[in-house]
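First up is the structure itself, then whatever we jot down about it.
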Amino acid sequence: MERFKGGTPWWVKGDLNGFFGLFSNVLTNFLAAIGLLLVINMPSDIVFGNIVPGTAIAVGFGGIILALQAKQLSIKSKRSDVTAMPYGLSVPHYFVVSFGVIGVVYAATSDWQTAWAAGIVWNFIQGIIMATGAFVGIYIKKYIPRAAMLGALAGLAITYIAMNPAGQVFTTPYIGLTSLAIIFVGWFALKKMPLGIPAGAFAIMVGTIIAWVTGYMDPQAVGDSFNNVGFSLPGLAVNLFGRGFAQIAPFLPAAIPLAIYDFLESLDNLESAEVSGEAYNVPKAMLVPAGLTILGSFLGSPFPTIIYIGHPGWKSTGARIGYSWVTGVAILLLAFFGLMSTILSIIPLVALLPILMYIGMVITTQAFATTDKKHMPAVALSFIPLIAGFVTLQIKNAIAATGGTLDYQALANTGIPLLGWERLAGGDILVGMMIATIAIFIIDKKYLVAATYSLITGVLAFFGFLHATQIGFATGWQVAIGYGAMAIVLVAMNYYRSHENVESVT
């Protein structure tokens with residue numbers, strides 16, 4: 001543990017590695033979110049004139065504030081090696097709000113202002129629930145085992161963080177695998193790169209050169225990207241809230257569990273940092289995405305933010321505080337000057353994505369490395385809901401993209417139990433935590449505790465918070481019955497040969 005009277009410096013050499021990785025992640029998600037709005041034909045003046053600068057405030061300020069929190073922690077703990085929490089847009093949310101809220105409202109009203117208003121109110125509600133979770137979450141932490149939280153986090157890392165980048169890498173392997181090899185050698189084998197260039201930066205440089213030399217990149221795209229250049233600051237959109245609230249009721253069943261997902265993921269990621277030896281003030285840290293999500297909604301943003309997965313990965317690359325605040329400043333500048341699309345017209349995305357694969361592997365390794373060996377099956381079990389969610393999303397997207405019809409029975413007849421995967425994936429990160437918790441207490445032979453968690457999970461399922469597509473009375477009753485049956489079995493096992501239990505219950 002490094003000691004320094006002034007805490008962690010504002011910039012260290014390792015921050016360059018972290019900046020390239022975090023910035024590419026944050027920027028890629030930002031551009032993807034914008035792209036989805038353009039796909040549904042939202043007017044570019046709303047997108048680039050209002051949404052982009054408003055969202056940039058929520059994203060950019062978050063990176064700066066979390067860097068300040070890391071600086072405070074380093075001074076308090078008298079350390080010079082504290083790493084700031086990574087931060088950016090919440091990935092699942094920008095798909096949901098674009099297609100499931102804004103697109104739906106526009107289809108019903110043919111009014112982009114009203115559709116945009118529904119999106120920002122949806123975002124506002126997300127922020128309010130996340131703010132509540134900032135205080136409730138710390139109590140959840142007392143009752144959910146660390147292995148369960150880290151396991152669900154690792155499942156998220158392998159699926160939503162690493163799988164799509166891996167697919168892109170192997171779509172263009174001569175670029176992607178070249179960059180991946182450099183990252184492996186630099187970050188796993190710890191070999192220094194030529195001229196002392198950080199491994200992440202060197203991988204991007206080499207991948208970019210190969211892409212341009214081989215004709216993979218399009219020079220015309222660079223010129224076209226300058227069409228969006230121009231200074232634009234955010235403005236208040238509070239006047240749209242009335243129109244938005246008039247449209248929001250049908251979307252609340254999806255908004256609530258997604259917001260719960262957001263604060264639980266932030267909680268998981270703070271837990272991951274604590275395992276690395278950095279215990280942030282949980283409510284204070286979680287209020288950053290919550291507060292900035294609310295602020296973003298006031299400024300016209302429909303996209304929630306979140307504390308990102310990956311703290312141990314960034315720490316292992318030598319990143320500290322600088323990678324966070326510089327990413328925040330860079331996002332603000334690019335958004336305000338309309339240059340966000342230009343950078344990815346110059347640097348190929350496939351050269352950036354291996355960094356996310358690396359982060360996914362580090363997080364997964366941590367989940368097993370910090371878990372009692374006997375609890376490892378529970379960690380593996382927690383992956384399954386996340387995998388089910390990822391597979392379900394891909395199947396549905398494929399059917400929609402090809403103009404097909406979703407037929408659960410036809411899929412079941414071909415050996416694809418999509419209905420079961422869909423139920424399993426409802427609230428996937430929370431499901432992963434709960435089933436892993438049940439498994440951990442079973443392994444520890446604490447059957448009554450496991451039965452209690454089974455009943456709690458069943459109640460959540462019955463009302464649709466888990467294992468269902470919407471919240472409501474009995475929306476997940478089939479799965480709730482299953483958890484009830486599980487609880488009965490566990491109670492029976494507690495009294496059967498009770499002398500074998502850790503604690504005999506009388």
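The values are calculated or read from the model by the stated rules, or taken from the named source; none is laboratory data. Bear in mind the structure is a predicted one, so any value in this text is a computation, not a measurement. All Cβ positions, even for glycine, are placed from backbone atoms using ideal geometry, and neighbour counts span all protein chains on display. Accessible surface is based on the protein model in full, side chains and every heavy atom, while ligands, DNA and RNA are left aside. Shrake-Rupley method; radii C 1.70, N 1.55, O 1.52, S 1.80 Å.
From Ala468, Ala369, Ala450, Ala380, grab the single residue that is more than 23 Å from Pro165 (Cα to Cα), out of contact with any Lys or Arg (no Cβ under 6 Å at 6 or more places or on another chain) and at pLDDT 90 or above.
Numbers: Ala468 fails: at pLDDT 90 or above; Ala369 fails: at pLDDT 90 or above; Ala380 fails: more than 23 Å from Pro165 (Cα to Cα).
Testing whether each residue is more than 23 Å from Pro165 (Cα to Cα), out of contact with any Lys or Arg (no Cβ under 6 Å at 6 or more places or on another chain) and at pLDDT 90 or above leaves just Ala450.
Out of all the residues in the stretch 195-205, is one or more out of contact with any Phe, Trp or Tyr (no Cβ under 7 Å at 6 or more places or on another chain), within 21 Å of Met357 (Cα to Cα) and free of Cβ contacts under 8 Å to residues at least 12 places away in the same chain?
yes
Does the stretch 269-276 include one or more residues that are at pLDDT below 80, out of contact with any Asp or Glu (no Cβ under 8 Å at 6 or more places or on another chain) and closer than 11 Å to Ile306 by Cα?
Step one: list which residues in the stretch 269-276 are at pLDDT below 80, which gives 276.
Checking the rest, the ones that are also out of contact with any Asp or Glu (no Cβ under 8 Å at 6 or more places or on another chain) come to 276.
Filter once more, keeping what is closer than 11 Å to Ile306 by Cα: none.
No, because not a single residue in the stretch 269-276 is at pLDDT below 80, out of contact with any Asp or Glu (no Cβ under 8 Å at 6 or more places or on another chain) and closer than 11 Å to Ile306 by Cα.
Between Val459, Val391, Val449, which is within 19 Å of the chain's Cα centre (by Cα), over 30 Å from Trp212 (Cβ atoms) and without any contact (Cβ under 8 Å) to a residue 40 or more places away in the chain? Reasoning before the result, please.
Values: Val459 fails: within 19 Å of the chain's Cα centre (by Cα); Val449 fails: within 19 Å of the chain's Cα centre (by Cα).
Every option except Val391 fails the conditions.
Based on what the data block shows, is Ala388 modelled with pLDDT of 85 or more and open to solvent by 10 Å² or more (accessible area, probe 1.4 Å)? Steps first, please.
On the way: modelled with pLDDT of 85 or more: yes; open to solvent by 10 Å² or more (accessible area, probe 1.4 Å): no.
So Ala388 fails the test.
How many residues are among the β-branched types (Val, Ile, Thr) and under 25 Å from Ala154 (Cβ atoms) when one looks only at the stretch 312-331? Walk me through how you get there before you give the answer.
Quick first cut of the stretch 312-331, residues among the β-branched types (Val, Ile, Thr) only: 317, 321, 326-327, 329, 331.
Remaining after also requiring under 25 Å from Ala154 (Cβ atoms): 317, 327.
Number satisfying all stated conditions: 2.
Restricting attention to the stretch 25-59, and to residues there that are more than 17 Å from Ser232 (Cβ to Cβ), of a type outside the set (S, T, N, Q) and without any contact (Cβ under 8 Å) to a residue 60 or more places away in the chain, which single residue is least open to solvent (accessible area, probe 1.4 Å)?
Gly35
Going through the stretch 228-247 one residue at a time, which ones are modelled with pLDDT under 85 and β-branched (Val, Ile, Thr)?
Val229
Helices (runs of 4 or more DSSP H) wholly in the stretch 394-506 with at least 3 residues that are under 30 Å from Ala147 (Cβ atoms) and open to solvent by 70 Å² or more (accessible area, probe 1.4 Å) - which ones? Reasoning before the result, please.
Working: elements: 408-413, 418-425, 428-443, 447-462, 477-495.
So the answer is 418-425, 447-462, 477-495.
Could you give me the residue pairs with C-beta distances under 6 Å whose first residue belongs to the stretch 410-426 and is touching a residue at least 24 places away in the same chain (Cβ under 8 Å), whose second residue is part of a loop (DSSP other than H, G, I, E, B) and among the hydrophobic types (A, V, I, L, M, F, W, C) wherever it lies, and which are 6+ apart or on separate chains?
Within 6 Å, the pairs are Gly426/Leu466; Gly426/Ala468.
Condition check: more than 28 Å from Leu270 (Cβ to Cβ), buried (at least 23 other Cβ atoms within 10 Å of the Cβ) and touching a Gly at 6+ places or on another chain (Cβ under 8 Å). Does Gly207 satisfy that? Lay out the reasoning, then the answer.
Working: more than 28 Å from Leu270 (Cβ to Cβ): yes; buried (at least 23 other Cβ atoms within 10 Å of the Cβ): yes; touching a Gly at 6+ places or on another chain (Cβ under 8 Å): yes.
Here the answer is yes, as Gly207 does meet what is asked.
Count, please, the residues in the stretch 11-24 that happen to be modelled with pLDDT of 85 or more, open to solvent by 10 Å² or more (accessible area, probe 1.4 Å) and not small (Gly, Ala, Ser). Walk me through it before giving the result.
Going through the stretch 11-24, the residues modelled with pLDDT of 85 or more turn out to be 11-16, 18-19, 22-23.
Remaining after also requiring open to solvent by 10 Å² or more (accessible area, probe 1.4 Å): 11-14, 16, 19, 23.
Okay, now just the ones that are also not small (Gly, Ala, Ser), so 11-13, 16, 19, 23.
Final tally of qualifying residues: 6.
Give the number of residues within the stretch 391-405 that are farther than 26 Å from Val431 by Cα and at pLDDT 85 or above.
1
Please indicate, with yes or no, whether at least one residue in the stretch 335-353 is of a type in the set (A, V, I, L, M), surrounded by fewer than 22 Cβ atoms within 10 Å (Cβ to Cβ) and over 29 Å from Asn50 (Cβ atoms).
Scanning the stretch 335-353 turns up no residue that is of a type in the set (A, V, I, L, M), surrounded by fewer than 22 Cβ atoms within 10 Å (Cβ to Cβ) and over 29 Å from Asn50 (Cβ atoms).
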